[in-house]
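The values are calculated or read from the model by the stated rules, or taken from the named source; none is laboratory data. Note that the coordinates shown come from a computational prediction; the quantities given were computed from them, not determined experimentally. Reconstructed Cβ throughout: ideal geometry from the backbone, glycine too, with neighbour counts over all protein chains shown. The accessibility values were calculated without ligands, DNA or RNA, using every heavy atom of the protein model including side chains. Shrake-Rupley method; radii C 1.70, N 1.55, O 1.52, S 1.80 Å.
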Amino acid sequence: MVDRNKIEQIIFEAIEDLNFQRPQEDQLKKSEDTVLFGYSGQLDSLGLVDLVLAVEQKITEKLDKVVTLADEKAMSQKKSPFRTVGFLAEYICQLLEEEKDG
Amino acid sequence: MDKNRVILITGTRKGIGNYLSRYYTEKGDQVIGCSRKPLKSQLPNYHHFCLDVSDEKCVKELFVELYKAYHHLDVLINNAGIASMNHALLTPLATVRKIFETNYFGTFLFCREAAKLMRKNNFGRIVNFTTVAVPLKLEGEAVYASSKSAIETLTRVLAREFGADNITVNAIGPTPVKTDLINSLSEKKLTALIQRQAINRYGELRDISNVIDFFLRPESDFVTGQVIYLGGI
């Protein structure tokens, strides 16, 4: 079973990295409910690229797993995994579980 | 850019890719190469991966290993390519798929993964391979040439997408060079092709490294989205 808290922690660390480059008034909150992308989301498309790459990189470094977050499956989900931090964490857990099951 | 650059070259087992891996290791660069099969002989400052360039999982794993070992990437040279010279009416769809997988999908995957690494350092040079068959619109090369046309467009668009990260993306279009890739072409056809060049001779391997060296020069940081054909096409 993939530890969801660990995944959330990884996303929070990626958010911290991103916040270094963002102005004070645009800082992303490290919360499950933070809206990332889409209507009233805090990231534009390049911001989303930065976040996705930072999360992928941290997953490789910390869990020794290689994941592609922006794949066809992610793009075709009814509930976009990039909508909130919580949805993203859920999607990553699902990807890692599927990888474990082969 | 470091004096000892980390350079990734695809398709290094033979032909132009093999020459480039020797050329850059001799210059003192660290070269990472790949091809489906292992190299016949080992080189100093060279690390080889066996993979299919269109296999996304394997490509991602190569970049993870590269990051672990070197922590950055300066240059990507997307040389891997296959050709099929045949009339369109005699070309099976499976051949079209195979050519696009290696030439276009492979180039795309390596550009994408390389740029992820390069943007960390706010520096990178990507050189893709096209062909003179694109501007010459050579009969019998519809699929090969169109896969390279796609690479030219990819090069121009990526130059814009990656420009903000100081990553340049350019392409070289060699004339026929005596490698395995042109083995299936008749001497008559090759001679006719060479007659359409401004300078009527076969390309040499050094002609190719010369253009790549130009793209890699520190002073070429304002040169991006360009396609240079050899021979005066």
Quick check: anything in the range B:215-230 among the β-branched types (Val, Ile, Thr), open to solvent by 40 Å² or more (accessible area, probe 1.4 Å), closer than 22 Å to B:GLU141 by Cα and at pLDDT below 95?
no
Leading residue by the ranking (farthest from the other protein chains (Cβ to nearest Cβ)) among those in the range B:63-108 that are of a type in the set (Ser, Thr, Tyr) and part of a helix (DSSP H, G or I)
B:THR95
I'd like to know if the range B:133-144 contains one or more residues that are open to solvent by 10 Å² or more (accessible area, probe 1.4 Å), within 14 Å of chain A (Cβ to nearest Cβ) and under 20 Å from B:PHE215 (Cβ atoms).
no
Within the range B:63-119, of all residues that are aromatic (Phe, Trp, Tyr) and within 20 Å of the chain's Cα centre (by Cα), the one surrounded by the fewest Cβ atoms within 10 Å (Cβ to Cβ) is B:PHE100
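Residue-by-condition table, conditions (1) in contact with a Lys or Arg (Cβ under 8 Å, 6 or more places away or on another chain); (2) modelled with pLDDT of 95 or more:
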{"residue": "B:LEU62", "(1), (2)": "no, yes"}
{"residue": "B:GLU65", "(1), (2)": "no, no"}
{"residue": "B:ASP74", "(1), (2)": "yes, yes"}
{"residue": "B:ALA80", "(1), (2)": "no, yes"}
{"residue": "B:MET85", "(1), (2)": "no, no"}
{"residue": "B:PHE100", "(1), (2)": "no, yes"}
{"residue": "B:PHE108", "(1), (2)": "no, yes"}
Got a number for residues in the range B:53-62 being assigned to a helix (DSSP H, G or I), open to solvent by 20 Å² or more (accessible area, probe 1.4 Å) and either in contact (Cβ under 8 Å) with a residue 24 or more places away in the chain or more than 12 Å from every other protein chain (Cβ to nearest Cβ) (or both)?
1
Could you check the range A:13-36 and list, in sequence order, the residues that are of a type in the set (A, V, I, L, M, F, W, C) and open to solvent by 70 Å² or more (accessible area, probe 1.4 Å)?
A:PHE20
Pull up the range B:109-119, narrow it to residues that are in contact (Cβ under 8 Å) with a residue 12 or more places away in the chain and within 13 Å of chain A (Cβ to nearest Cβ), then point me to the one that is farthest from A:GLN57 (Cα to Cα).
B:LEU109
Would you confirm whether or not the range B:125-132 contains a residue that is open to solvent by 40 Å² or more (accessible area, probe 1.4 Å) and either within 14 Å of another protein chain (Cβ to nearest Cβ) or among the hydrophobic types (A, V, I, L, M, F, W, C) (or both)?
no
Sole residue being touching a residue at least 60 places away in the same chain (Cβ under 8 Å), open to solvent by 20 Å² or more (accessible area, probe 1.4 Å) and of a type in the set (Val, Ile, Thr), chosen from B:THR153, B:THR179:
B:THR179
Note on the range A:64-87: residues open to solvent by 20 Å² or more (accessible area, probe 1.4 Å), free of Cβ contacts under 8 Å to residues at least 24 places away in the same chain, more than 14 Å from chain B (Cβ to nearest Cβ) and under 11 Å from the mean Cα position of the chain (by Cα) are A:PHE87
Scan A:GLU90, A:GLU97, A:GLU13, A:GLU32 and give me the residue that is outside any helix (DSSP H, G or I) and either more than 14 Å from chain B (Cβ to nearest Cβ) or of a type in the set (Lys, Arg) (or both).
A:GLU32
Under 8 Å by Cβ, and 6 or more places apart or on different chains, what pairs join a residue from the range A:38-63 that is over 22 Å from A:PRO23 (Cβ atoms) and at the interface with chain B (Cβ under 10 Å from one of its Cβ atoms) with one that is buried (at least 17 other Cβ atoms within 10 Å of the Cβ) and among the aromatic types (Phe, Trp, Tyr)?
A:THR60/B:TYR67
Output the number of the condition that B:GLY28 fails; it satisfies all remaining conditions of (1) within 14 Å of chain A (Cβ to nearest Cβ); (2) at positive phi; (3) in contact (Cβ under 8 Å) with a residue 24 or more places away in the chain.
(1)
Residues to consider are B:VAL211, B:VAL227, B:VAL177; find the one that is in contact with an Asp or Glu (Cβ under 6 Å, 6 or more places away or on another chain) and of a type outside the set (Phe, Trp, Tyr).
B:VAL227
Hits in the range B:120-138 - residues which are in contact with a strand residue (DSSP E or B) (Cβ under 7 Å, 6 or more places away or on another chain), assigned to a helix (DSSP H, G or I) and touching a residue at least 40 places away in the same chain (Cβ under 8 Å)
B:PRO135
